[in-house]
Protein chains: 2
Amino acid sequence: MKLYDFTLSGNCHKIRMMLAMLGIDYETQSIDLLDKEQLSPEFLAVNPFHKVPVIDDDGFVLRDSAAILIYLVRKYGKPEWHPDDPAAIAEIQQWLSFSVNEVFNGFAIARALIIFKREGDHEAAVELSRQGLDIMERHLKDHDWLALGRVTAADIACYPYTALIEEGHVSLEPYPAVREWIGRVEALPGYVAMPGLPYTA
Amino acid sequence: MKLYDFTLSGNCHKIRMMLAMLGIDYETQSIDLLDKEQLSPEFLAVNPFHKVPVIDDDGFVLRDSAAILIYLVRKYGKPEWHPDDPAAIAEIQQWLSFSVNEVFNGFAIARALIIFKREGDHEAAVELSRQGLDIMERHLKDHDWLALGRVTAADIACYPYTALIEEGHVSLEPYPAVREWIGRVEALPGYVAMPGLPYTA
């Protein structure tokens, strides 16, 4: 198993977490997004979407962090984190879409604009982040986990950029239920932290 | 089965297509996004994300178009459009994420800025649309369908905003393989068109 990886990427972090939780040995190939290595002809041949993470599992190449999470849990021993039942799988999918939409476009972009000093509309990303956090907070007030009343792929998909959001200058202080959920994810067996924190000066 | 619906929404159109393809009878409740009906207390109680589509299947309430598609095909007779096999389901998920990301943030936003006269960065949405269309074109040159070499939930998820993209002032002329794929989707049994076209003056 090979992971095309960028250390500071929350999308890569969720795959590193899942591989560790499943006890899968893997090698990494670093794709430095700050050096634009994702635009090299070699990497574009692997993923024309020029994004990480990508996995290569013995020749099966897969992009998109949500797709990779689903593949790993189904193939390597935690199918209950993404079950077959129509209502259960759909409940998880709502949060996988949330992880692509509000979490990425809000939480991750708010952070990227700060820590990578990118140009963009930070205020809009913060506003979308607050909307997303409001929804998470309301849900997590009455639920320990995002879906099915137990840990699933949905929690892993939404965790990294939520845990990193203060780097995007969005305070988690008004969101106690979200903070408690972050703590529950970090207490899961096999959890690995984002390396190198704090890496913002 | 009840669908909270907005006629001009591509995300709602994909659900109307799927319900028709599965032969499911349903009633609709119109949520007029132009009148901000999605922000009414009644609808926020249904979906705090203030978005359509939402379905209510005999009390089971589900938001998010990708989640709804998965639920419908699994529960109502086309499980082969979203199979259990880890590699197959992950291949479809890549395109479901694409439908939330490039297709929605690019194709749908480019169109919304024009037809709903919204404020926003049309140029950025067009650029993201072109990147998405380039990737689809490269893939569809050698494949009839987005995933698994056959029609799946991925095609229904990506179809509406692709077929509507010229309303966002993005020409499909440079994308012959995409246009042929649009034709294949529109030839599927049970296909229903977006009503009221052309509705832009």
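Run down the lysines and flag those whose C-alpha is under 23 Å from the C-alpha of residue B:141, throwing out any fewer than 8 positions away in its chain.
A:51
I'd like to know how the protein assembly as shown sits against the 2.2 N^0.38 Å rule of thumb: what's its Cα Rg over that expected value?
Ratio of Cα Rg to 2.2 N^0.38 Å: 0.94.
Over chain A, what is the percentage of antiparallel beta bridges among all DSSP beta bridges, to the nearest 5?
65 percent
Roughly how large is the A-B contact in terms of buried accessible area, totalled over both chains, probe 1.4 Å, nearest 100 Å²?
About 2900 Å² of accessible surface is lost on pairing.
Could you please state how large a percent of the accessible area of the stretch B:1-129 is carbon and sulfur, counting protein chains only and using a 1.4 Å probe?
Carbon and sulfur: 48 percent of the exposed surface of the stretch B:1-129.
Any idea what the alpha-carbon Rg over 2.2 N^0.38 Å comes to for the stretch A:2-79?
1.04
One decimal, nm, shortest first: give the distances between the label point of residue B:150 and those of the same position in the other copies, each label point 7 Å from Cα along Cα→Cβ.
Sorted ascending, the copy-to-copy spacings read 3.2 nm.
For the rotation taking A to B, I'd like to know which residue in chain A has the C-beta closest to the axis, plus that distance in Å.
Nearest residue, distance rounded to whole Å: A:100, 2.
May I ask you to evaluate 6.51 cos²θ - 1.76 cosθ + 1.60, the Karplus curve with θ = phi - 60°, for each residue of the stretch B:110-120 and list the ³J(HN,Hα) values in order in whole Hz, giving x for glycine and proline?
4, 5, 4, 4, 7, 6, 9, 6, 7, 8, x
Tell me which aspartates and glutamates have Cα within less than 16 Å of residue B:117's Cα, excluding those fewer than 8 residues away on the same chain?
Partners within reach: B:32, B:35, B:166, B:167.
Across peptide A:94-102, how many C-beta atoms of other chains are within 10 Å of each residue C-beta, on average?
Per residue, the number of nearby Cβ atoms from other chains is 6 on average.
Using alpha-carbon positions, what is the distance between the centroids of the stretch B:83-134 and the stretch B:1-52, in Å?
Cα centres, the stretch B:83-134 to the stretch B:1-52: 19 Å.
Go ahead and estimate [θ] at 222 nm for chain A from helices alone: -39,500 (n - 2.57) per DSSP H run with n ≥ 4, summed, over the residue count, rounded to 500.
Value at 222 nm, helices only: -14500 deg cm²/dmol.
Counting just the Cα atoms, what span does the stretch B:82-186 cover along each of its three principal axes? Round to the nearest Å and put the largest first.
Here the spans come out as 43, 24, 21 Å, largest first.
Looking at the stretch B:13-66, which trypsin sites (Lys or Arg not before Pro) are DSSP coil and have at most 12 other C-beta atoms within 10 Å of their C-beta?
Filter output for the stretch B:13-66: B:36.
Taking a point 7 Å out from Cα toward Cβ as the label site, list the nm distances between residue A:120 and the same residue in every other copy, smallest first.
1.5
Pulled fully out, how much extra length does the chain show between residue A:7 and residue A:143, if you take 0.36 nm times their separation in residues and subtract their Cα-Cα distance?
Full extension of this stretch gives 45.9 nm more.
If each label sits 7 angstrom from Cα along the C-beta direction, how far apart, in nm, is residue B:80 from its counterparts in the other copies?
So the distances to the same position in the other copies read 3.3 nm.
Quick one: plug the Kirkwood hydrodynamic radius of chain A (C-alpha pairs) into Stokes-Einstein at 25 °C, 0.890 mPa s, and report D in µm²/s.
This corresponds to a translational diffusion coefficient of 142 µm²/s.
Which whole-Hz couplings ³J(HN,Hα) result when phi for each residue of the stretch B:150-167 is put into the Karplus expression 6.51 cos²θ - 1.76 cosθ + 1.60, θ = phi - 60°, listed in order with x for Gly and Pro?
8, 5, 9, 4, 4, 5, 5, 5, 8, 5, x, 6, 6, 5, 9, 5, 5, 5
How well do other chains shield peptide B:20-32, expressed as the mean number of their Cβ atoms within 10 Å of each residue Cβ?
That average works out to 0.
Amide H neighbours of residue A:28 under 5 Å, counting only residues 5+ apart in sequence or on other chains, H built in-plane at 1.01 Å?
A:3
Using the Cα centre of the stretch A:1-122 as the reference point, and only Cβ charges (+1 on K/R, -1 on D/E), how large is the resulting charge dipole? Debye, rounded to the nearest 20.
Here the stretch A:1-122 has a charge dipole of around 240 debye.
Which GluC sites (Glu not before Pro) does the stretch B:17-122 hold that lie in a coil by DSSP with at most 12 other beta carbons within 10 Å?
Listed in order of number, the matching sites are B:119.
Could you check the spin-label model distance between residue A:27 and residue B:173? Points 7 Å from the Cα along Cα→Cβ, value in nm.
4.9 nm
Round to the nearest 10 and report in Å² the accessible area of residue B:169, as given by a 1.4 Å probe over the protein chains' heavy atoms.
The value for residue B:169 is about 120 Å².
The values are calculated or read from the model by the stated rules, or taken from the named source; none is laboratory data. Quantities reported herein were computed from a predicted structural model and do not represent experimental measurements. When we count neighbours, we look across all protein chains shown, and the Cβ atoms used for this are built from the backbone with ideal geometry, even at glycine. What goes into the accessible areas is simple: the full protein's heavy atoms, side chains included, and nothing from ligands, DNA or RNA. Shrake-Rupley method; radii C 1.70, N 1.55, O 1.52, S 1.80 Å.
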